[in-house]
Structures are given as C-alpha cells and as structure tokens.
1. Provide, for q = 0.27, 0.28 Å⁻¹, the log10 of I(q)/I(0) from a solvent-free Debye sum over equal Cα point scatterers in region A:5-51.
2. How fast does the protein assembly as shown diffuse by Stokes-Einstein, in µm²/s, taking the Kirkwood radius from C-alpha pairs at 10 °C and 1.306 mPa s?
3. Based on DSSP, what percent of beta bridges with both residues in the protein assembly as shown are antiparallel, to the nearest 5?
4. Between B:SER65 and A:LYS19, what FRET efficiency comes out of the Förster formula 1/(1 + (r/R0)^6) with R0 = 56 Å and r the beta carbon distance, rounded to 0.05?
5. What is the angle, in °, between the Cα long axis of helix B:42-54 and the longest principal axis of the Cα atoms in chain B? Nearest 10 is fine, range 0 to 90.
6. Run the quick spin-label model on B:SER389 and B:MET620: label points 7 Å from Cα toward the beta carbon, then report their separation in nm to one decimal.
7. Could you work out [θ]222 nm for chain B from helices alone, using -39500 (n - 2.57) per DSSP H run of at least four and dividing by all its residues? Round to the nearest 500 deg cm²/dmol.
8. Out of region B:247-348, which chymotrypsin sites (Phe, Trp or Tyr not before Pro) are coil in DSSP terms and have no more than 12 other C-beta atoms within 10 Å?
Amino acid sequence: MNIDPAITEALDSTLAAAKGQTDDFKKRFRTLVSLVLTSNYQDADVRRVMESLAVTVGPED
Amino acid sequence: MEVRLTGWRTENLRGGLRNLDIDLGSEPDRWTLIQMPNGMGKTTTMDLMRWTLTGRELPAATVRSLRADDHVTKGMFEIRLLIDDTPIRLQLDLDFRDGSASYWTVSADTRGGGRREGRKLPAELRELLKPALTELFVFNGELATQILDLSKSKAAEAIRSLYGLDTLDAVTERVDALVAQERTRASSVTRAVEQKGITQLQNALDEVKTAKASLDKQHRGAVTRLAKGEKELDRLDQEINARLSEDAGVRAEIELIDQRHKEIDATAGEFSTQALEVLRRPPHVHPALLARLQNLGGKLYELKLPETISREFFRELSDQKVCVCGRPIGHDERKAILDGADRFLAQDQISVINQMKLALRESKGDPDELNRLISGLQDQLADRQRLKSERDRLTSERIAEGDEILARLGQDKDALKRELDTLRETVERLTTRDPARQRALRLGWETNVPLCDAELKVRTGRLDTATKTRRFALQGESLKDLVKATSTRALDILRARVTASTNDKLSQIMKTEHIRIARIGGGLELRSDQVASKENASEGQKLSIAYAFLTSLLAEAPYRLPFIVDSPAVSIDVASRREIAQLIPDFFGQMVMFVISSERAGFAESFYGRKKDVRYLTIMPQGGGTADIQYGIEAFKDFHGPESVA
C-alpha cells in the first residue's frame, strides 16, 4: 500500500527533528510505519527499530 | 483497496427481516435507492451491518431482542461484499436460546465450502473496520450532530481510524509489552532497571574494583617482602654457619650434619619418586582397590571379536575340510559355524573393550608397596628433624658460652622467620582457591583475590544487564515519542486537508449562509462570513456539513468504501435536498440509500434523470414478518408509505 502523502510528510517532519539518529534507523522507522499501516508487522520488527535507536543512558537526575 | 456491497440476507429476525434477501447484483450499480416503510427493520439492518463488519461482541439481551418470534431458536444475518472484486460473505449466527453470537466468513477460495469461523478479512481491512469508522460509512443520521459536537471526538476519531493513525498508535502498546518482557527477563539477574538502581549497581561494582586493586597491591607487597625475607634468611644462616665454623670442633660436627642432611634428602627424594609412581598404578595403592578392579574385569561381557576382520575367519574356517580341533567339517558343521559366528562378533570398537577387560581381569600388584614407601619417607623426615635439632643444640651451646654475636644472629633469624610465617599466611589468605580453606579462614571477596574476582564478575554481569535493559526501555520511550509525533503531525495535516476539501464543497451547498469549518478539533468548529464562531446551525445545515465532511473524508481516503445511509435527506428542506442529491453521489464509488417515501421529493427524484448505474428497490411488508421486493423505478415511484422517519 502506498503511504498517504500526509503521513509521508509527517514522517519527514518527525525524522528531520530527530537529531542524532542514524540513516539506518530512519530507514527502519519508515519501513515500520509502512508495515504498521498495512497491519503487517510483528514484535520482532518493532524490536529491531527500537534497538537501532540511539539513546544516552545518562547519569541519575 | 475497494470494498463494494453486493447484498445481504436475514433469517428469523424481527420486523420485516424474517426471510429477506437483498441482491444488489454481482456488479452492483453505483447508486442504490431502497424504499421501505417504517417498521420493516431499516435501523436493525444498519446495526446488523455495523456489527458484522466490525465483529462486535453482542450482549445476550441484544441477541435475544432480534428474535422473530418464540418459535425460532436461531437466526442469521449475512452481508455480501466484493473486496477488490473478490466476493466474500460475512455472517452473523445468532442463537436465541443462550443469547450467543458468532461470526463466520465464507469465501470462494477456501476448501470445504469455504465457511470459517471469525472475520477472515484482509488484515488491513480488518484493522480498519472499527466502530468509529464503520459508523461513518454505514451512516447513522444522528451522527451528523455528533460530528459537529466539540465535546465529542467523532471527527478526529474518524480521520485517525480511516488513515490508520490509531493503528500507528497501537505500536506504543507493543513497545510497552517488549520492554516489560525485557524487564522480566532481566529480573532473573537484577531488579535494578531504572537509573537509580543502575547507579547503585555501578557503585557496588566500583566498591569491588577498589577492593580488588587493594588486594592485588597487598599480594604484590607480600610476595616481594617474602622473596627478600627468604634471601635474608639464607644470609643469616650463612653468617650463623660461618660464626659456628670458627670453632674447629663445631665445624667438624656441622660438616657431618650437612653430609647426613644431603644423604637424607637424596633418600627422601627417591622415596617420593617411587611413591608417585605407585600412585599412578591403582592395583598397588590399596588391596581393596585391586580386588574391585579384578571383580570389574570379571563382570564385563563375554569376549567378542571385531566384526570386520573376524567374520572372514569364520568364513574361511567353514570352507575347511577339517576343523582346528581335528574334527571333519561337513554341511551341517559348515552351516553351524556361519550361523553361530554372529554370537562372537561385535562392532570393531569392541577390541578396545576387550583389552580393557583383559587388563582389568589380570590386574596384579603389591598393595602394601605404597605403605612401605610412605613409612620410609616418614623415617627420613624424622631423621631430618633430628639433624635440625642437633644443629640448634650446637648453636645454643655457643650462645650459652657467651657468643653474643651468634645470639644476635639467632634472634634476628627467629624474628625473620616469624615475619616470613606471617607473610606466607597473608599470601595464602589472599590467593587460596580452595573453598574449604576459604571457609576455614572466613575469607570473603574483601579479603581473598579469587573470591573478589568472582564477585567482580557477578556485579559486572548485573550492571551490564541492567544497563542494557535501561537502554532498551529508553529506546522504547523514544520510539513511542517518534510514533506519537508522526501520528499527531499526520493528523494535523489531514485535518487541514479535509477542512479545505469540506469547505470547498460547503461553498457549493451553502448558498444563503456561507458556513465554513474553522478547524477540526475533536469535532467540527464552524464559522460563517458573519461570525467567527458559529455555534448554532439548523438541522439541514448540520446534515449538509456532515455530508460535506464525510464525502471529503471518504473520497480521499486510502480505502474506497461503500456509503450506506439511512434517511439521507429527511431533515432538510426540499431545495437543500436537491443540492445535496446533486453533489453527494459523485463523491462515492457506491452509495446505498434507505429512503422513505417523503424523501422522494427533492432527493430521490434527482436520481431519476440518471440513465444508468442506478438501482431502485421497493420493499413492502407481506405479513408475518415477510416482505415482497420490487425492483425498478416504476414500483419505487408508485410506493406510498408513512411519512415519518423510522
């Protein structure tokens, strides 16, 4: 299924604001959104995208 | 994906739905107008369509309320669809006795008649068909008011549902589930998966690292001091010997002691070597061990031969005229040899077992040898101790005679030996790996290097697990934020798009008062040319706005859905009906409209001019819950029914 242009625009906007994330993550995130919109995803897809997300395990507040 | 309605069927249901089969054709017309009087089950039919499409669970009371009469125990509703030109039937089976309902799917591409329990729709359509959206295309006239109601969220829900944004939001639930799983898995290692707990684990690990560094330093210091002390001890011994040797008589005794000492050491060395050699031969260690080995050899299986090399022996033997025992070999003997060979053959590895067996059975040894060697070794050690006492005696005598230098050397040596003993104890405490010694000395990770290493490994593992889990949880939170941001942004864009499209249509409908949508919040916020915030609209205006919104929403949606509407124009004036009837139909790929006779004026009659793609059905009651279906425009025009809305 083609993603509606509105969702593509929203994705572009969200990922542009996601500083510090790799191109690999952004590509995986787009794919996940596409899979979710067609109800064709599994937990493993979500897990892979999560694990490719860059985060900082910072010091205690 | 396109979904079209091709018909529906009812059995044993209330109103006029005892036995009704509506056929819209295998290639349904774009517009269908169905005229039926009140009480025939329009509202019930619309409800049944929504329930069947969404697979809603029905309360027992609802199921029983659908019963045609007390004589029927079961009922059924079936809706027929074309999904991308593939026919599929969704059925709702009703059991009036226990109030249960079950959904079934009939499709041509499945075996055994193709009837399967459940809603077996394509996954994306199954997700799409939720109540919030289904109410929009199986349209409830009352919803028009709700769409405009700012206190409700129908409009935003409709957009979210239609464009799959609610499905996108469901990812957050999956993320939470994955993080929960990870935490459960990690809890077997550590309960600390939050930042505070991780800091505590880090501190605990640092504590062990500090202890390890301290223990290593103590160990290095003790070993260095021990090495120096032993050299110092050698030097003191040499000085003491030199001092003692200044007396010729004593020197002679010392030389004798040293000579004897060397002999004892040599003998003790030989005993040690022999004892070690005996220990390598179990039959010599103890009489009981020898007996048990011989017993084991006797209990092993009967001796067998390796099959590969030994079968040939039996074959050649059977070919001989005379056996090795001298007896002649005839036909019977030959057959007995070949048939019996298997009893003596086994896998080739059996030869190894045979050797072991023979070795065990023939085990021989002198079980008292080890005892003799140990006894001899103990004698040598006792002699050595006596020599040491003899040397000490010589030193003591000289000191007693007033040799102060020797006395000081002796004191230095005693002090050094005590220090070296303490250092050896320290090194043992620091380095022993023997669990029994560790327990006896009450050692812990704070005082013993091997225990400290083990604790370091455990705490490092805990911290790694907690950090990984914490990272995973943070990744989950970030992903949820990104999904939410995407969903929110998409909703804003879609709201703006649907608003523009709706206002474009409203500009064509609203000729007298130019009402527009200011924004789509939860519902629709209105404005007009005269007022910035239009709070009151007539029923006709509300319906017009609702249709404009619905047509905009559904026409641009990624899915093409049929629009099924009950009494589409009953609450608006005739002039507005004509405008709506002109405007709405072209926005949908398929429209099925339930109308009452009063809606013919202005609305239904607007379709009369369309020469194709219009189907007219007129349903009339025949008594006893049955109905007659008339197809065609003439019956539709001629029908006279009650003017009130069902």
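Bear in mind that the values in this text are calculations on the coordinates, not laboratory data. Computed from a prediction, not measured in an experiment: that's the story for all the values here. With ideal geometry, Cβ positions are generated from the backbone for all residues, glycine too; neighbour counts draw on all protein chains shown.
1. -1.07, -1.11
2. On the way: Rh = 36.8 Å.
Approximately 43 µm²/s, per Stokes-Einstein.
3. In the protein assembly as shown, DSSP labels about 70 percent of beta bridges as antiparallel.
4. Numbers: r = 58 Å, r/R0 = 1.03.
Once the sixth-power term is evaluated, E becomes 0.45.
5. 20
6. Label-label distance for B:SER389 and B:MET620, simple model: 13.8 nm.
7. Numbers: 20 runs with 360 residues, N = 646.
Value at 222 nm, helices only, nearest 500: -19000 deg cm²/dmol.
8. On the way: sites: B:PHE271, B:TYR301, B:PHE313, B:PHE314, B:PHE344; in loops: B:TYR301.
Filter output for region B:247-348: B:TYR301.
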